[in-house]
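Here the structure is laid out as structure tokens; the discussion comes afterwards.
The values are calculated or read from the model by the stated rules, or taken from the named source; none is laboratory data. In this text, all values refer to a predicted model and were calculated from it rather than measured experimentally. Note that we place each Cβ from the backbone using ideal geometry, even for glycine, and neighbour counts take in every protein chain shown.
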Amino acid sequence: MSYVVLARKYRPRSFDQMVGQEHVVRALSNALETQRLHHAYLFTGTRGIGKTTVSRILAKSLNCTGADGQGGITAHPCGVCQACTEIDADRYIDYIELDAASNRGIDEVRDLIERAAYKPGVGRFKVFMIDEAHQLTKEAFNSLLKTLEEPPEYLKFVLATTDPEKMLPTVLSRCLQFNLRPMAPDTVHAYLEQVLGAEGVAVDEDSLRLLARAARGSMRDALSLTDQAIAYGGGKLDAAVVRAMLGSVDRTHANTLVEALAGREGATVLATVDALRTQGLSAAGTLEEMARLLQQMAVEQAVPGALDPRDPDAADAQRLAAVLPPDETQLLYSIVLHGRDELQLMSDEYGALTMVLLRLLAFPAAGSAAAPRPAPPRAAPLRAPAPPAIKLPVAAAAAPVVAPRPAPAPAPVAPARPAAMAEPPALAPHATPPATPSAAPSPQGDRWQALVRQMADKGSIGALVRELAWQAALVALDESAVPQRWQIVVERESLRAQGLQDKLAAALAAEIGSAVVLEVAAGTAEDSPARRDAAERARRQAEAEAIIRDDPVVQALMGQFKTARIVPGSIKPA
């Protein structure tokens, strides 16, 4: 006997065998038991969720005669009488299926109406099932309306569609409508486990989880994918085989990307995308897995402990939920969700993936302010070409741009410009550099900065743990206690996660060779390595600007061209 695919072999033969559509089964069973039967039914829903299956079971229920040939209409067809066996075999003369995708014209519908004039040949009812009914032409629908509204008592119509919005309102109003829902991954998971057990196929939990997710609510797709995976794996299933067949992305890649984005580590993001390219893993699959991870993180952030502990991915989602603020979780979810549509806009999908992921880094981290950007200079009116800008090489600073400003031509007085459009002022001879926060150096700050740099150089701290140490300030230290007690303060709430504290404490203990109790409190870090670094950059910037202002050549040029100015932002420390 030839092999029967799983989707056909395990197609439900009765309402009792159906899974995931309890609301439809209950309504139809009650109607059959009480003999309150409608003349036209409409089943809607996505592909592979049971529309045709329900139609066939309904036809068997209407025509079943029981094992002894004396049965009547029932919600539990026997499965052995002529009607049940022939409908299952698709050769019952009183059950007619019309595929409207290929038979959509008025001629096919007229032929169907002509058949409706004749009573059932062997059964109790004639059942006409029109699949993909929304594809019928308007003329075909109109010719069907009269028969659909007032069919003979022996005729039942069943319409099935994946797109009820395209159905004529006059047709919808004549049908009893049931919406079949996509099945939950847990439902698909349980059914696949049952089927594979009956087939004697060895399978692990991860494989079932991957197949259940890939089915996207369609049981038929789940069984078809399972058939394909069994063939691909040579008769057995494991996670590596299923993942390779589906082309799905391992959750570890999604974890790495989310953690790197949380720590604003652009280099790690680029390296991970390169690894995806090298391994040939799908860019769209990466964004999909990230979206699933972020959804779990958002659930954990909103309702701690709500994730299913049996899910092997729950632990990673709980860990990452503590390192990414809820608002950034929602932002990143929106970015990756909409980013899937952008992948097809570039010939290099990995380049597009890189742009989608780096988008989060364009936003300031939670709890920090974005660095102010200088407003663009006002465009000068068209006049005679001005002398070219002069770049001056200076040992201690990058050259500024010194450009003459042409004298304004007589013109009517223009309205005042808005503040946001105002031209940036030129640097005065003794201008003060911008308002960068300065550090307040202390011996404890010296000690903390040295330790942080040592641990970072050795690689004992990385990602968010390094960020915690870099943004924190040491405020109290008791080296006489056993274990030693260290207290630091940090502003960002997401950096005060317990997991990050534990990792930093372990790295600190290994660095100083002594047990450490690390206390992390909320507060302004006045003397953090990050503030010291910012203060040093500001000092070097001010020094470079002073060198340029005091340079004799620059002063000569400024004297020669009375309207010349040093363009703000053009001076950079060497």
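Take the conditions exposed (fewer than 14 other Cβ atoms within 10 Å of the Cβ) and not assigned by TED's automatic domain parsing to the domain that holds PRO120 and apply them to ALA212. Does it pass?
Here the answer is no, as ALA212 does not meet what is asked.
Restrict the check to region 527-541 and report whether at least one residue is at pLDDT 85 or above, under 36 Å from the mean Cα position of the chain (by Cα) and not in a helix (DSSP H, G or I).
There is at least one residue in region 527-541 that is at pLDDT 85 or above, under 36 Å from the mean Cα position of the chain (by Cα) and not in a helix (DSSP H, G or I).
A quick yes/no check of all residues on (1) in contact with a Lys or Arg (Cβ under 6 Å, 6 or more places away or on another chain); (2) surrounded by 15 or more Cβ atoms within 10 Å (Cβ to Cβ); (3) part of a loop (DSSP other than H, G, I, E, B):
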{"position": "MET297", "(1), (2), (3)": "no, yes, no"}
{"position": "GLY305", "(1), (2), (3)": "no, no, yes"}
{"position": "ASP308", "(1), (2), (3)": "no, no, yes"}
{"position": "ASP327", "(1), (2), (3)": "no, no, no"}
{"position": "TYR333", "(1), (2), (3)": "no, yes, no"}
{"position": "LEU337", "(1), (2), (3)": "no, yes, no"}
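Of everything in region 143-164, what is aliphatic (A, V, I, L, M) and either surrounded by 23 or more Cβ atoms within 10 Å (Cβ to Cβ) or at pLDDT below 90 (or both)? Give them in sequence order.
LEU144, LEU145, LEU148, VAL158, LEU159, ALA160
Give the number of residues within region 450-493 that are closer than 20 Å to ALA506 by Cβ and either outside the structural domain of GLY523 (by TED's automatic domain parsing) or assigned to a helix (DSSP H, G or I) (or both).
18
With the condition kept exactly as written, say whether any residue in region 150-163 is farther than 28 Å from ILE130 by Cβ, free of Cβ contacts under 8 Å to residues at least 60 places away in the same chain and not hydrophobic (A, V, I, L, M, F, W, C).
no
Looking only at residues that are of a type in the set (A, V, I, L, M), in contact with a helix residue (DSSP H, G or I) (Cβ under 7 Å, 6 or more places away or on another chain) and surrounded by 16 or more Cβ atoms within 10 Å (Cβ to Cβ) in region 516-565, which one is farthest from SER480 (Cα to Cα)?
Here the residue is ALA564.
Any idea which of ILE57, ILE49, ILE93 is modelled with pLDDT of 90 or more and not in a helix (DSSP H, G or I)?
From the options ILE57, ILE49, ILE93, the qualifying one is ILE93.
Please tell me if ARG181 is touching a strand residue (DSSP E or B) at 6+ places or on another chain (Cβ under 7 Å) and assigned to a loop (DSSP other than H, G, I, E, B).
no
So for region 165-177 (the condition being among the basic types (Lys, Arg) and surrounded by 16 or more Cβ atoms within 10 Å (Cβ to Cβ)), does at least one residue qualify?
Yes: region 165-177 contains one or more residues that are among the basic types (Lys, Arg) and surrounded by 16 or more Cβ atoms within 10 Å (Cβ to Cβ).
Tell me, which residue of region 463-472 that is over 9 Å from ALA530 (Cβ atoms) and of a type in the set (A, V, I, L, M) is surrounded by the fewest Cβ atoms within 10 Å (Cβ to Cβ)?
The extreme case among them is ALA463.
Tell me whether region 63-80 contains one or more residues that are touching a residue at least 40 places away in the same chain (Cβ under 8 Å) and closer than 20 Å to LEU180 by Cβ.
yes
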